Amino acid sequence: MKFKQFIPTRSAWAHLRFVFSVFLLPVYLFAFSQADTVKTSTAVLVFFIWHFLAFPASNGYNSYFDKDEDSIALLAKPPEVDISLYYFSILLEAVAFLSGFIISWEFAFAVLIYGIMSKLYSHPATRLKKYPIISFLTVFIFQGCFIYYTTYTALTGTSLFSHWDLGLIIPGAISSCLIGASYPLTQVYQHEEDSRRGDKTLSIVLGYKGSFIFSGVLFAMGIGLSYYYWHLAGMMLNFYFFLVCAAPIFIFFNYWFYKVGKSTVNASFKNAMLMNFISSGCMLIYFGVLAVFS
């Protein structure tokens with residue numbers, strides 16, 4: 001191992017996909033909006049650890065072992081990976097873990113667990129990604145409710161081992177449903193490459209039509225849980241605002257579903273990324289407004 005291998009090349013920077021972390025930002029904003037009292041320094045540090053260290057490290061590690069030749073999230077033509085991507089992603093993760101102790105030991109170990117799961121997801125020795133149900137549950141849990149719970153407790157200074165009530169459980173479930181709804185749609189254009197690599201993804205198992213139906217059901221569950229959560233809180237205006245923000249997602253989702261029904265050629269990288277940007281953008285507006293005005 002040489003020191004220069006820790007210095008990321010242009011290819012490594014591309015595969016870290018920092019912008020992709022924006023797709024997970026709504027979960028952070030949701031947790032922030034529901035925290036009663038938050039120190040600015042804590043909020044900034046938690047945000048930095050997740051979105052500039054842990055998530056990019058996970059992206060890079062995944063890309064290194066995938067060695068994709070066809071389009072992946074945000075990279076229409078992914079550059080060839082090199083060893084600097086591997087070592088720099090490990091370095092980012094180590095910095096994320098150690099920085100987590102500034103918040104609490106619980107948060108630091110949550111960051112570590114997230115990193116371990118991302119490795120189990122990608123590494124050839126375990127490759128959870130090739131098992132459709134396990135890979136889905138890994139993303140559903142660890143990019144949804146796990147991020148919500150650990151972020152919320154870090155922001156509020158409470159313990160992960162206490163304060164378990166509906167006010168914590170339901171928002172975590174909402175986060176998982178919204179993340180889970182996007183999951184098969186991020187794979188729907190990769191059937192050929194995933195099959196070639198031996199990864200039996202959830203989208204391959206469900207098929208094109210099944211992927212859309214599965215996503216629609218999960219998104220509907222997220223809407224139902226949102227109604228229940230805001231009804232319990234006596235803040236139904238927040239739910240109605242959610243419906244307004246979700247409208248563009250619903251419209252494009254159905255339009256894309258219709259187009260794929262006409263021809264699977266429309267299950268393309270371009271449409272998948274457009275779906276991602278619309279859904280993430282709308283949820284960023286929704287949870288961003290909640291974070292500012294809650």
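A Cβ distance below 9 Å, combined with a sequence gap of six or more or placement on separate chains, defines the contacts here; from the range 70-84, residues that are more than 23 Å from SER182 (Cβ to Cβ) and charged (D, E, K, R) reach residues that are modelled with pLDDT of 85 or more and surrounded by fewer than 19 Cβ atoms within 10 Å (Cβ to Cβ) in the pairs GLU80/SER11; ASP82/THR9; ASP82/SER11. Kindly indicate whether TYR64 is among the hydroxyl-bearing types (Ser, Thr, Tyr), assigned to a helix (DSSP H, G or I), under 30 Å from ALA272 (Cβ atoms) and out of contact with any His (no Cβ under 8 Å at 6 or more places or on another chain). Against the criterion (among the hydroxyl-bearing types (Ser, Thr, Tyr), assigned to a helix (DSSP H, G or I), under 30 Å from ALA272 (Cβ atoms) and out of contact with any His (no Cβ under 8 Å at 6 or more places or on another chain)), TYR64 does not qualify. Counting the residues of the range 144-167 that are at pLDDT below 95 and either under 30 Å from VAL188 (Cα atoms) or touching a Phe, Trp or Tyr at 6+ places or on another chain (Cβ under 7 Å) (or both) gives 1. Go through the range 140-163 and report how many residues are of a type outside the set (A, V, I, L, M), within 19 Å of SER99 (Cα to Cα) and in contact with a Gly (Cβ under 9 Å, 6 or more places away or on another chain). The number of residues fulfilling the criteria is 4. All of (1) within 15 Å of PHE30 (Cβ to Cβ); (2) polar (S, T, N, Q); (3) surrounded by 20 or more Cβ atoms within 10 Å (Cβ to Cβ); (4) over 16 Å from the mean Cα position of the chain (by Cα) hold for THR151 with one exception: (4).
Scanning the range 117-139 for residues that are surrounded by fewer than 20 Cβ atoms within 10 Å (Cβ to Cβ) and touching a Gly at 6+ places or on another chain (Cβ under 8 Å) gives a single hit, LYS130.
Between SER268, SER263, SER279, the distinction of being among the polar types (S, T, N, Q) and within 22 Å of THR151 (Cα to Cα) belongs to SER279 only. For the range 94-144, what are the residues that are aliphatic (A, V, I, L, M) and within 28 Å of LYS200 (Cβ to Cβ)? Within the range 94-144, ILE113, ILE116, MET117, LEU120, ALA125, LEU128, ILE133, ILE134, LEU137, VAL139, ILE141 qualify. Restricting the first member to the range 266-294 and to residues that are closer than 30 Å to ALA233 by Cβ and modelled with pLDDT under 95, and the second to residues that are aliphatic (A, V, I, L, M) and assigned to a loop (DSSP other than H, G, I, E, B), the beta-carbon pairs closer than 8 Å and six or more apart or on different chains are ASN276/ALA73. Of the residues making up the range 210-232, those that are out of contact with any Phe, Trp or Tyr (no Cβ under 8 Å at 6 or more places or on another chain), over 20 Å from ILE147 (Cα atoms) and in contact (Cβ under 8 Å) with a residue 40 or more places away in the chain are TYR228, LEU232. Reported count of residues in the range 204-263, each being closer than 13 Å to TYR286 by Cβ and surrounded by 13 or more Cβ atoms within 10 Å (Cβ to Cβ), is 13.
The values are calculated or read from the model by the stated rules, or taken from the named source; none is laboratory data. Every value quoted in this text rests on a predicted model; they were computed, and no experiment measured them. Every residue, glycine as well, gets a Cβ built from its backbone with ideal geometry; the counts of neighbours run over all protein chains shown.
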